[in-house]
Every structure is written in C-alpha cells, then in structure tokens.
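These notes concern the structure reproduced below.
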Amino acid sequence: MAARLDAGGWQVSTDAKGADVVLVNTCGFVEKAKQDSIETLLAAADTGAKVVAAGCMAERYGKELADSLPEAAAVLGFDDYTDIAGRLDGVLAGERFDAHTPRDRRELLPITPVQRQAAKVVVPGHATVDEHTPAHLRQILRHRLDSGPVASLKLASGCDRRCSFCAIPAFRGAFVSRDPQELLAEAEWLAKSGVRELVLVSENSTSYGKDLGDPRLLEKLLPQLAAVDGIVRVRASYLQPAETRPGLVETIATTPGVAAYYDLSFQHSSEPVLRRMRRFGSTERFLELLDSARNLAPAAGARSNFIVGFPGETREDYEELVRFLNEARLDAIGVFDYSDEDGTEAAGMDGKVGEDTIKRRYDRLVSLADELGSQRAEERLGSTVEVLVDSVADGEVEGRAEHQAPEVDGSTMLVAGDVGVDLAALRPGDLVRARVTATEGVDLVAVPVEMISAAPVRGQ
C-alpha cells in the first residue's frame, strides 16, 4: 500500500501530525487485536484528519464495520489495494465509498494449488507490475516506512489449513506463494536501502512453493537469500510443525547467514485438544522436533504460541501442556486465552471451558512462561552470541541475538568490557560477536568482543 500511495503522489509517513488522511492497517485475527484496531481508528479520528480503515479487519467485516464506525471516511477491502492512491484521492475530495460485503476469499482461487498462480485475484502483498517482464527484472513495489536494519519479506499469503479456531483463511484466502526470483530481487533492493536482516513472513512459511510445484522451495531459497550482498541474517517465521520436514530443519540449523531459530506454531501439546483444533502432533512429537534442531545447532532458538481454554480442554489436557513447556526449553512463549471467533468451527463446539477457569489457566501459564523464559536466558550466561545492533541512543546499544526475533522476543543490551569492540563506535546494522554476562528476564546483557560485519556507510 505504501508503495502504491507513493507512486500515486502521496507523501507517506508514520506520523499522523498534519496528515490529510490517516490510513489504519487493521488486524482481524483475535478479539484483542480487533479491539486494538478499533481504538486506533478512534484515536486517528481525534487528529482531525480523514480516517480510512484498511487491512484484515476491514476486509473481514466490510460493510458491518463501516456501519458501526461512522468516524471512518472509508472502509477498504483487499480489492481496493490496486488503486489505493485513487481511493484516498477520492476520500480527500469528499467522495463516499460503499464498503464491500465480505466473502470467503478461498472461493476466489482454484482448489488445486498449482493452478493459483494464473488466477487474476487481488492478493495483498502480491503485485505484478508487468507480467511480461521476468520476475527478477520487475519494478520493486515496496516503500519502506523506516530506515532500520531489519525488514520483513513476504513469502506468501493465505493458508490452506483448516484449524478449527482460526478464521484467517476465510478472509485472507487460499495459500499463494510469491515467485522466488521476485523475492530475491526485493531482498537485493532492501539490502541496498540498508537492511541487514530479513524476516520472512507469511501465514504458513512451511507451505512455500507447493503451488509453484516444489514443496521444498524454502530450503532452496534460504541459502540464496543469505547470499545476497549486504544481508547478514535471514530469519524464517511461522513454521507449521506438521510441515517442518527434516531437510528444512537442517537448512535452518546449518546454513551460514540463516538464523538457527524456529518459530513453531504448536498451539497446544495435548493430542485430544490438537485433534479438536484439527491439528497434528503431541508432546513427544514436538519434543522430538525440537531435539532434532538442537542436535544440529545446540544453541538454536525456539518460540511458540499456545491457546488455553480451548473447547473440551480438560485439567489433564492443560497439565499436559504444562509438562511440555517445562521440557521444551523455549526461548519465548506467547499465551492466548481462547475466545470464539466468528465463522469458525470451534465457535460452535460443545465443551466450552468456563471464563473463570480460562482466566485461571491463562494467568498460571503466563506466569510459567515468564519463569521458563528467564531460565532459558540464564542458560546462555557465559556463551557467545551474534548480535545485530538495532539501535544506538543516549549511550545505550541494543540489538538481538540469533534466537531473538524483532518485536516478539527479547533483546540484547550491549555494554562495554575491558577488551574487544569499542561500544561508542557501534552503529545500527553492525553484527558483532558478544559474550553474555547477565540476564534480565528473557533479555540478555552482553559485552561485544569482535566485529563480524560492520554496517556499510550510506553512499559508499
């Protein structure tokens, strides 16, 4: 959207002060995220600018959201993205746009994955400016909103899984991969803009390539991205345990420049609950998966999210999840309390867990997650980690080790030592080797001992 707005003559900024239009990219995943989106829209209305809702919540609810939110001058769905600049031109001119009536976007694409690439359907983040030009020569439709050393790179959109608690496939659509040559071209563009770490994102990264005829394409793409000049770290996010093959585990663990980091979507570990979620696995199978990664890279990082209070979850199921967490040694643990989501199978299930029980289990698991995260960080005391510097401000140098993804995990504070790298000389984008000397919860404190790769000076 930012690239299309920029190309359409709009000045794009993250600062709403003085803006003519505030475009809110909403989230429609879970109740808390939807509430945050509503609050952001209302806050944007207080700026005096015209407010436009876009993103997943706008796509998921369309006309319903527009009717309940008169503060928004427009509610735009995914089909509006190709002419987003024109839509905002109209909003500024006082035009009114009728919000769309939502539909199941899975129905817009062929059932057979390999037939989807030819379909003429708007998929957010997928845009072919000129389909007759080879992918690696096409215009890069990207406009960065910051100049930091880390950027996301979108692998794919949509999801073909049918998890009973999740509504994402219905409003994001079926799974569609981006062309690998297009991804490599965008990675090179990002590197030239100062990006040093790429975070690969999608709803399900382990499915990448299945609609391109190669379900192992991610294993081939990761080394290619890591080899892009200027990129020092590539991180894969959103891995489905059931699709995380041994070859992918090995590629992530052993490829230079690829973070030995496993963002695995476990959601639970009790088999009966997982079956009701329409997922696969168990405590033992998940532990085996983690062990296979750590056998190749002992210091590998791992994180996951979990849902407590899912319909039918018994005390025994919950204790099985607690057992798994105690044995898994995860670096970061996200906990969600179950809530019914419109249009999902789980919303109509019997065996609903009482609100008081959900809250009790949630509070206990959050406390356990904090404790286990701190213990895992303490296991890294005395070890050496590779830290990418994110920010330098007021004498404080903060970055992230391989096991720390941006925004969702902990961070590493670099402090001066007797020998090694001059702390005052460090800049965002530098990659240093550092010795862990202390911990603060999941965060590390480390002394830089060696410069691995200095960030290039802009313009040189």
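The values are calculated or read from the model by the stated rules, or taken from the named source; none is laboratory data. What you see is a predicted model; the values in this text were computed from it and never measured. Heads up, the Cβs are rebuilt from the backbone with ideal geometry, glycines too, and the neighbour counts pull from every protein chain shown. Surface areas here come from the heavy atoms of the whole protein model, side chains and all, with no ligands, DNA or RNA. Shrake-Rupley method; radii C 1.70, N 1.55, O 1.52, S 1.80 Å.
Looking only at the range 370-392, how many residues end up being among the small types (G, A, S) and under 26 Å from the mean Cα position of the chain (by Cα)?
Keep residues of the range 370-392 that are among the small types (G, A, S), which gives 373-374, 377, 382-383, 391.
If we keep only those that are under 26 Å from the mean Cα position of the chain (by Cα) too, we end up with 373-374, 377, 391.
Total meeting the criteria: 4.
Can S68 be described as surrounded by 17 or more Cβ atoms within 10 Å (Cβ to Cβ) and under 25 Å from P169 (Cα atoms)?
Values: surrounded by 17 or more Cβ atoms within 10 Å (Cβ to Cβ): no; under 25 Å from P169 (Cα atoms): yes.
No; evaluated as a whole, the condition is false for this residue.
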So is D263 among the acidic types (D, E), modelled with pLDDT of 95 or more and buried (at least 21 other Cβ atoms within 10 Å of the Cβ) or not?
yes
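Somewhere in the range 315-328, is a residue of a type outside the set (D, E), assigned to a loop (DSSP other than H, G, I, E, B), touching a helix residue (DSSP H, G or I) at 6+ places or on another chain (Cβ under 7 Å) and touching a residue at least 12 places away in the same chain (Cβ under 8 Å)?
Here is the first cut: in the range 315-328, the residues of a type outside the set (D, E) are 315, 318, 321-326, 328.
Adding the requirement that they be assigned to a loop (DSSP other than H, G, I, E, B) leaves none.
So far as the range 315-328 goes, no, none of its residues is of a type outside the set (D, E), assigned to a loop (DSSP other than H, G, I, E, B), touching a helix residue (DSSP H, G or I) at 6+ places or on another chain (Cβ under 7 Å) and touching a residue at least 12 places away in the same chain (Cβ under 8 Å).
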Which residue is farthest from the chain's Cα centre (by Cα), if the candidates are limited to the range 38-55 and must be surrounded by fewer than 22 Cβ atoms within 10 Å (Cβ to Cβ) and part of a helix (DSSP H, G or I)?
A45
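Would you confirm, using the coordinates I've provided, whether E59 is part of a helix (DSSP H, G or I) and surrounded by fewer than 14 Cβ atoms within 10 Å (Cβ to Cβ)?
Details: part of a helix (DSSP H, G or I): yes; surrounded by fewer than 14 Cβ atoms within 10 Å (Cβ to Cβ): no.
In short, no.
One line per residue, one yes/no per condition, for (1) of a type outside the set (V, I, T); (2) touching a strand residue (DSSP E or B) at 6+ places or on another chain (Cβ under 6 Å):
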position	(1), (2)
S304	yes, yes
P311	yes, no
E316	yes, no
E341	yes, no
Y362	yes, yes
S374	yes, no
V389	no, yes
A393	yes, no
V408	no, no
Of the residues in the range 184-222, those that are under 29 Å from S453 (Cβ atoms) and of a type in the set (D, E) number 4
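Residues checked against (1) of a type in the set (D, E); (2) closer than 21 Å to E327 by Cβ; (3) surrounded by 14 or more Cβ atoms within 10 Å (Cβ to Cβ):
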{"position": "D350", "(1), (2), (3)": "yes, no, no"}
{"position": "I358", "(1), (2), (3)": "no, no, yes"}
{"position": "R361", "(1), (2), (3)": "no, yes, yes"}
{"position": "L365", "(1), (2), (3)": "no, yes, yes"}
{"position": "L368", "(1), (2), (3)": "no, yes, yes"}
{"position": "G373", "(1), (2), (3)": "no, yes, yes"}
{"position": "A377", "(1), (2), (3)": "no, yes, yes"}
{"position": "T384", "(1), (2), (3)": "no, no, yes"}
{"position": "L388", "(1), (2), (3)": "no, no, yes"}
List, please: which pairs have Cβ atoms under 8 Å, are six or more places apart or on different chains, and start with a residue in the range 149-172 that is touching a residue at least 40 places away in the same chain (Cβ under 8 Å) and end with one that is open to solvent by 30 Å² or more (accessible area, probe 1.4 Å) and β-branched (V, I, T)?
S152/V201; L153/V201; K154/V201; L155/V201; C159/I168
L296 being surrounded by fewer than 17 Cβ atoms within 10 Å (Cβ to Cβ), free of Cβ contacts under 8 Å to residues at least 60 places away in the same chain, closer than 25 Å to A405 by Cα and among the hydrophobic types (A, V, I, L, M, F, W, C):
yes
